[in-house]
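So the structure is just underneath, and the comments pick up after that.
Taken together, the values in this text are just the output of simple stated rules run on the coordinates, not laboratory data. Not measured: the values here are computed from a predicted model. In this analysis, Cβ positions are derived from the backbone assuming ideal geometry, glycine residues included, and neighbour counts consider all displayed protein chains.
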Amino acid sequence: MWRWLHPLAKPETSYRLADKLLPWFSILAVLVLSIGLVWGLVFAPADYQQGDSFRIMYIHVPAAIFSMSVYFAMAAAAFIVLVWQWKISGWFIQAAAPVGAVLTAIALITGAIWGKPTWGTWWVWDARLTSELILLFLYAGVLALYYAFEDSKKGMKAAAILALVGVVNLPIIHFSVEWWNTLHQGASITKFEAPSIAPSMLWPLLLALLGFALLSVALVLLRLKNEILRQELGKPWVSKELHGEPSNG
Amino acid sequence: MKLSSLSLIMWVIRRDLRVANRQRSEWLNPLIFLLMVITLFPLGVGPGEQILSRIAPGIIWVAALLSGLLGLDRLLREDYEDGSLEQLVLQPVSLSMTGLGKIVAHWLLSGLPLVILAPLFGLLLSVPVSAWWVLTLSLLLGTPMISALGAIGAALTLQARRSGTLVSLILLPLLIPLLIFATSAIEAAAMGLPANGQLAIIAAMSVLALTLSPLAMAAAIRMSIR
């Protein structure tokens, strides 16, 4: 296995790999996402209770799920960069954090839009909503720390430590917010009182989930490529990549 | 000279206290800030006893968090600038132990005064006398967590630009559980209910933070000094 992983320590090799993978993920993401979303938003049957307003689920649920997955991926990368000092894994933090933050924002905004017709309010201090909002703050902290240093290597390490501290705290925050909510207000809203979802609604949701996953990977790869180029600027292989020939100075 | 961990911790604490004693305004300012914030609320929402005692736990704890974050810069910045932090890193003992000493010293200067002043806060915000004991206990058990997590933040932002707002930005989300349990403990006590459960959870979180944060702090200091 190490023989496979070793060449990836070289930024150039990682860049080439990302470059090769990116079109596949992009094409698949566009394909799966457009099938899933058109199916879900247009053809899936309307909910007997919520009417058409439930259709926002096809954006809201995948965004909410992957907003958390991206944070865990980021924390795993943080662990790798702190233990094995693999710097590309540190650049991955910078590449993944904005994607995760945007997914969190999408989940919050679509949640508010969904909440208005179904719960009658844009925002309630529900445990899940609050946890998601705090997740957005955690992303903001990691990003702010990454960019706060003159020396980008230090920013990367600092962001990695913070991401790990955050991942230790995430369960505590989630649990305490849930506890706080049940204490402060009775469960006035029972959300996903899962009337186990019908297959005609489930298939487009699964496709949308897969599509969001592919899209997240594609966006992270794109940003990772960019970050590798930015960090390696001035190296011969970069100018060869960008201008087609090695620069002389 | 070779130091054992415990004597090193004691030495760091004594040293930090001596330095603080020579610049008293440095650690008094956050306390005065805290008192001012607590004065502002009755002026802002009106002096009615009922509304004040309803929101008092939240005010006291939000103010405690903010003033705790204000004083964090003092924790490592000066040692870093005059080079003594480098000397501490070079000691042939674990850097986490030095970090633990600095956390304890910071708590003695920023957390302990809050515990002592707790009845005064209760008095000013008309917290029922029956809840003063729990208010004091919540501050006693909870403020070490502010110092412990704050030390991570201070160490991470040692070399950062604009570190003031940055520390608050990265730490406040992590301190939310503390705020939730501390205020709910005081509210429960004000209603005459037992608050042992909440206090136990606060104590558990503080112990966890005190155990793990010296490690993260040491890693962050090593990253900064290199």
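For B:R162, the conditions (1) more than 8 Å from chain A (Cβ to nearest Cβ); (2) surrounded by fewer than 19 Cβ atoms within 10 Å (Cβ to Cβ) are fulfilled apart from (1).
Return a yes/no flag: does region A:78-90 have any residue that is of a type in the set (A, V, I, L, M) and without any contact (Cβ under 8 Å) to a residue 60 or more places away in the chain. Yes, region A:78-90 contains a residue that is of a type in the set (A, V, I, L, M) and without any contact (Cβ under 8 Å) to a residue 60 or more places away in the chain.
Within the option set A:A148, A:A107, being among the small types (G, A, S), crowded, with 16+ Cβ neighbours inside 10 Å and more than 11 Å from chain B (Cβ to nearest Cβ) holds for one residue only, A:A107. Checked against the criteria, B:S168 does not count as in a helix (DSSP H, G or I) and more than 15 Å from the chain's Cα centre (by Cα).
Going by what's in this entry, would B:L69 be described as assigned to a helix (DSSP H, G or I) and under 10 Å from the mean Cα position of the chain (by Cα)? Here the answer is yes, as B:L69 does meet what is asked.
Checking each residue in region A:26-67 for being surrounded by fewer than 16 Cβ atoms within 10 Å (Cβ to Cβ), of a type in the set (F, W, Y) and part of a helix (DSSP H, G or I) picks out only A:F43.
Table: residues versus (1) surrounded by 19 or more Cβ atoms within 10 Å (Cβ to Cβ); (2) at the interface with chain A (Cβ under 10 Å from one of its Cβ atoms); (3) over 30 Å from A:S152 (Cα atoms).
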residue: B:L158; (1), (2), (3): yes, yes, no
residue: B:L175; (1), (2), (3): yes, yes, no
residue: B:L208; (1), (2), (3): no, yes, yes
residue: B:L212; (1), (2), (3): no, yes, no
residue: B:A216; (1), (2), (3): yes, yes, no
residue: B:M223; (1), (2), (3): yes, yes, no
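The residue of region A:135-145 that is farthest from the other protein chains (Cβ to nearest Cβ), among those that are farther than 19 Å from A:G90 by Cβ and surrounded by fewer than 22 Cβ atoms within 10 Å (Cβ to Cβ), is A:L136.
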